[in-house]
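Here is the structure we will look at.
Coordinate-derived values only; no laboratory data. If you're wondering where the values come from, they're calculated on a predicted model, not measured in any experiment. All Cβ positions, even for glycine, are placed from backbone atoms using ideal geometry, and neighbour counts span all protein chains on display.
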Amino acid sequence: MSRLLDDIKTLYREGNYKEALGLIETIEGGAGIIHPSILVWKSRCLQLAEDTAPYQFSDIEASLKRALSIDEEYLPAIIDLAYFYLNVLDDAGAAKELFERAIKLCREEVTEVITGLAQCLAEKESKEAALNFLNDATSHTLDQERVEEVKKEISSS
């Protein structure tokens, strides 16, 4: 499964969306439960492929919702569905709910990572290093350049 997923990602990065969809169809045709990541890549390929017959536009949303029915906390599916609602369906309300859900999940995960790393620093380096890290924790959680880009984009629109 891992190798197939790598192949799908490679085809996607190369712009071979139709070929990636072919691999995904092979996986979907097999027995067992499909992993949510495959469904997310399927939705991405469907959005970018020029010829997606026999798929329909509604299959993009359905694929992401199916991923979430398998794992309701699968962050890539939540984020991709939010952007699909925001940018494709022009439904900022539905997108907002999903982005808020994603933030909650990320906050929980990042908090665990930050506190775990602080504990490592306290043990391996010093209590001071751990406390300094925790005092500066917000700089570790956001891509400041990307935040500034979006600020400029919002201000200029």
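Distance from a point 7 Å along Cα→Cβ of GLU50 to each backbone N in the stretch 14-34: keep the residues under 20 Å and list them by number.
Within reach of a label on GLU50: 14-23.
Over the Cα atoms of the stretch 47-92, how large are the radius of gyration and the largest Cα-Cα distance (Dmax), in Å?
Final numbers for Rg and Dmax: 11.1, 31 Å.
Let me spell out the model: positive unit charges on the Cβ of Lys and Arg, negative unit charges on the Cβ of Asp and Glu, origin at the Cα centre of the stretch 1-111. What dipole size does that give, in debye rounded to 20? List each step's numbers first, then the result.
On the way: 12 positive and 20 negative charges, 32 e Å.
It works out to roughly 160 debye.
Sequence gap at least 6, Cα distance under 8 Å: using those rules, report the relative contact order of the chain to the nearest whole percent. Please list the in-between numbers first.
Details: 124 pairs, mean separation 19.6, N = 157.
Value for the chain: 12 percent.
Setting aside same-chain residues fewer than 8 positions from LYS96, which lysines have a Cα under 28 Å from its Cα?
LYS9, LYS42, LYS65, LYS104, LYS151, LYS152
Between ASN16 and ILE114, what FRET efficiency follows from the Cβ-Cβ distance if R0 is 41 Å, with the result rounded to 0.05?
0.60
Taking the Cβ of each residue in ASP51, ASP7 as the centre, tally the other Cβ atoms inside 10 Å and list the residues starting with the fewest.
Lowest count first: ASP51, ASP7.
Please identify every one of the chymotrypsin sites (Phe, Trp or Tyr not before Pro) in the stretch 1-87 that sits in a loop by DSSP and has no more than 12 other beta carbons within 10 Å of its own beta carbon.
Answer by residue number: PHE57.
Please report the spacing between the Cα centers of the stretch 100-144 and the stretch 23-65 in Å, no decimals.
Measuring centre to centre over Cα atoms gives 35 Å.
Provide the FRET efficiency to the nearest 0.05 for the GLU128-GLU100 pair, computing r from the beta carbons and using R0 = 35 Å.
0.45
Using the Karplus curve 6.51 cos²θ - 1.76 cosθ + 1.60 with θ = phi - 60°, work out ³J(HN,Hα) for each residue of the stretch 141-153 in order, rounded to whole Hz, and write x for Gly and Pro.
Residue by residue, the stretch 141-153 yields 9, 10, 7, 4, 4, 5, 4, 5, 4, 5, 4, 5, 4 Hz.
Using Cβ contacts closer than 10 Å as the measure, can you line up ILE60, ILE70, ILE33 from fewest to most? Don't jump to the answer; show the numbers that get you there.
Working: ILE60 22, ILE70 14, ILE33 6.
Taking fewest neighbouring Cβ atoms as first place, the list is ILE33, ILE70, ILE60.
Check each of the GluC sites (Glu not before Pro) in the stretch 83-145 and keep only those in coil by DSSP with at most 12 other C-beta atoms within 10 angstrom; list them in order. Please list the in-between numbers first.
On the way: sites: GLU97, GLU100, GLU108, GLU109, GLU112, GLU123, GLU125, GLU128, GLU145; in loops: GLU125.
Filter output for the stretch 83-145: GLU125.
Based only on other Cβ atoms within 10 Å, what is the fewest-to-most ordering of HIS35, HIS140? If you can, show how the numbers build up before the last one.
Numbers: HIS35 18, HIS140 12.
Listed from fewest to most nearby Cβ atoms, that is HIS140, HIS35.
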